[in-house]
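Please treat every number below as a calculation from the coordinates, not as lab data. Not measured: the values here are computed from a predicted model. For neighbour counting, all protein chains shown are included, and Cβ atoms are generated from backbone atoms with ideal geometry for every residue, glycine included.
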Amino acid sequence: MTLGELIGPEAKLSAAVAALPIAGITADSREVKPGYLFAALSGVNTDGARFAADAVARGAVAVLAADEINVGVPAVAVPDPRRALALIAARFFGAQPETAVAVTGTNGKTSVAAFTRQLWSDAGHSAASLGTVGVVSPTGTKVLRHTTPDPVELHRLLAGLHAESVTHLALEASSHGLQQRRLDGVALRAGAFTNISRDHMDYHASFEDYFAQKLRLFTELLPPGATAVIDMDSAESPRVADAAKARGLKALTVGRAGETLRLVSAEVEGFAQELKIEHAGKTHTVLLPLVGEFQASNALVAAGLAMATGASADEVLPRLAHLQGATGRLELAGTSHYGAPIFIDYAHTPDALAKALDSLRPYAAKRLFVVFGCGADRDRGKRPQMGAAAAAKADVVIVTDDNPRSEDPAAIRDEILVAVPGGREIGDRAMAISEAIRMLRAGDVLLVAGKGHETGQTIGTRVVPFSDHGAVAAALSKGAQLG
Ligand SMILES: CC(=O)N[C@H]1[C@@H](OP(=O)(O)OP(=O)(O)OC[C@H]2O[C@@H](n3ccc(=O)[nH]c3=O)[C@H](O)[C@@H]2O)O[C@H](CO)[C@@H](O)[C@@H]1O[C@H](C)C(=O)N[C@@H](C)C(=O)N[C@H](CCC(=O)O)C(=O)O
């Protein structure tokens, strides 16, 4: 493609510059090859313009930047290079699944994306999801570094899915991704909001800033006439609904306070729950094979997305009975020798931890155990809040390590334990899990929280292979439950 075709209406170019052939695009000078367009992005830490000369030395034939820069090749100045790059990446790769939806919110994105994919597949569509657990499509799972990848990687993936004949895609929209314009080139049919609570306070200046980035999905990315599926059970949901209406979106509201799909009741039935859902004056009864009311909320958001992309409530709601949970999302990972169930969940915010424990309380005839820690080098304020949530909702709390990175792990545990009177401390995560399983007796339940699907523990700058699934399996097989 030529530079002119790629830049589109973003900037005016002379005929000679517009005719430049472009062999590839990247925002990382280290990836530049001869004939590439280099996008100099102003970084959180670094100004990408610093790398323009390096990019040109490696063969870049044009540079995109916020300001005019003189590096000996045509430099195109645009007001928002991150947004321009997203639109350019969409044009360069040129194909995406025809029905794409995005889901944002603090918790539930991964489950909603997985459920939406399953509901579409159940209806006979070739469907995929893309987010924290990677790209899941009919050909398998590909692990990703980011929940919402940078636009060049994202559009390469979307073109790949299109080539695989995937027609339906559910994307997770992280607040980082929204703020950094990673999704601005994706043609979205619908968007969803799950909930919002404290998270990523190391990156966003304030809760309002964090919320504003989530709102971008509704106020800037979805085209007027598209559908906003909103779980109304979060305190901030009415603000999302107002913003969506102001943009000219159709609002499809779900949850206890929803109007389109109203959750009337959720009764625990073993490791399932019987949902009564009201739609257009009719009550549907569905056995959802998942634990926790928040999974019922996520299932309704996914049902809303399926309805927003063409299905009727009568078609979609019975399919909720076939849903499978996403890996590490309130997943039953095993049962101790005494019959005590062990769950793994990705909960790593105070709100998510409280909700996961609330969801498991009905199963704990005796004691509810939790093993968790807090990641280092980010949002210290959540540590005592997670401790307080655990102390309030669980009977036995074991505080352990969760990606200690460059901090002193014992100091992180201390910041959590301040809020956990009587809490135990076992730094080694495998030993903490093993000890909790050893203590379990009939009637008890254990939640191992924080890592979910993750397969590594980051200690210093090293990622040591580790998974909660592996630690639970090892403890069960070596007989920790008999201790
Ligand atoms: C904090 C954050 O989001 N940082 C993102 C941001 O990085 P930055 O602005 O700090 O980049 P930088 O390292 O200063 O470099 C600026 C620019 O110079 C370029 N560069 C850099 C070095 C060089 O030699 N040459 C060069 O060209 C970089 O490619 C970049 O374009 O812009 C980069 C390019 O778009 C992103 O890749 C990078 O994501 C980093 C790697 C990251 O880890 N992000 C995480 C926090 C993230 O996005 N997480 C969310 C949410 C996860 C969740 O919900 O838990 C996600 O969607 O995954």
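For the range 94-322, what log10 I(q)/I(0) values come out of the Debye formula at q = 0.13, 0.17, 0.18 1/Å, with one point per alpha carbon and no solvent? One equal scatterer on each Cα of the range 94-322 leads to -0.70, -1.21, -1.35. If you count Lys pairs in the range 94-322 whose Cα atoms are under 26 Å apart, skipping same-chain pairs closer than 8 places in sequence, the total is 11. Loop-resident trypsin sites (Lys or Arg not before Pro) (DSSP state other than H, G, I, E or B) in the range 424-461 with no more than 14 further Cβ atoms inside 10 Å of their Cβ: 441. Multiplying the residue separation of residue 250 and residue 265 by 0.36 nm and removing their Cα-Cα distance gives an extension gain of 2.8 nm. Once the chain from residue 164 to residue 68 is taken as fully extended at 0.36 nm per residue, the excess over their C-alpha distance is 30.5 nm. Of the trypsin sites (Lys or Arg not before Pro) in the range 134-192, the ones in a loop by DSSP (not H, G, I, E or B) with at most 10 other beta carbons within 10 Å are 145.
Within the chain, which is the longest segment that contains none of the chymotrypsin sites (Phe, Trp or Tyr not before Pro) sitting in a DSSP loop with at most 16 other Cβ atoms within 10 Å?
It works out to 1-202.
Extending 7 Å from the Cα toward the beta-carbon at both residue 332 and residue 16 defines two label points whose distance is 7.2 nm. Anisotropy class assigned to the range 331-482 is oblate, per the alpha carbon gyration tensor with a/c at or over the 1.5 cut-off and a/b no larger than b/c. Modelled label positions at residue 208 and residue 1, each set 7 Å beyond Cα in the direction of Cβ, lie 3.8 nm from each other. Beta bridges assigned by DSSP with both partners in the chain are antiparallel in approximately 40 percent of cases.
So if R0 is 41 Å, what FRET efficiency would residue 322 and residue 462 give, r being the distance between their Cβ atoms, rounded to the nearest 0.05?
Computed FRET efficiency for residue 322 and residue 462 comes out at 0.50.
When shorter helices are ignored and each DSSP H run of at least 4 residues is given -39500 (n - 2.57), the per-residue value for the chain at 222 nm works out to -9500 deg cm²/dmol.
Counting only Cβ charges, +1 for Lys and Arg and -1 for Asp and Glu, the dipole size of the chain around its Cα centre is about 300 debye.
Give, in nm to one decimal, the length gained when the segment between residue 53 and residue 274 is fully stretched (0.36 nm per residue of separation minus the Cα-Cα distance).
73.4 nm
Projected over every direction and averaged, the convex hull enclosing the alpha-carbon atoms of the range 169-288 yields 8.7 nm². The packing ranking of peptides 223-233, 158-168, highest mean first, is 223-233, 158-168, where packing means the average number of other beta carbon atoms within 10 angstrom of each residue. With viscosity 1.002 mPa s and temperature 20 °C, the Kirkwood radius over alpha carbon pairs of the range 1-116 converts through Stokes-Einstein to a diffusion coefficient of 140 µm²/s. Dividing the alpha-carbon radius of gyration of the chain by the rule-of-thumb value 2.2 N^0.38 Å gives 1.03.
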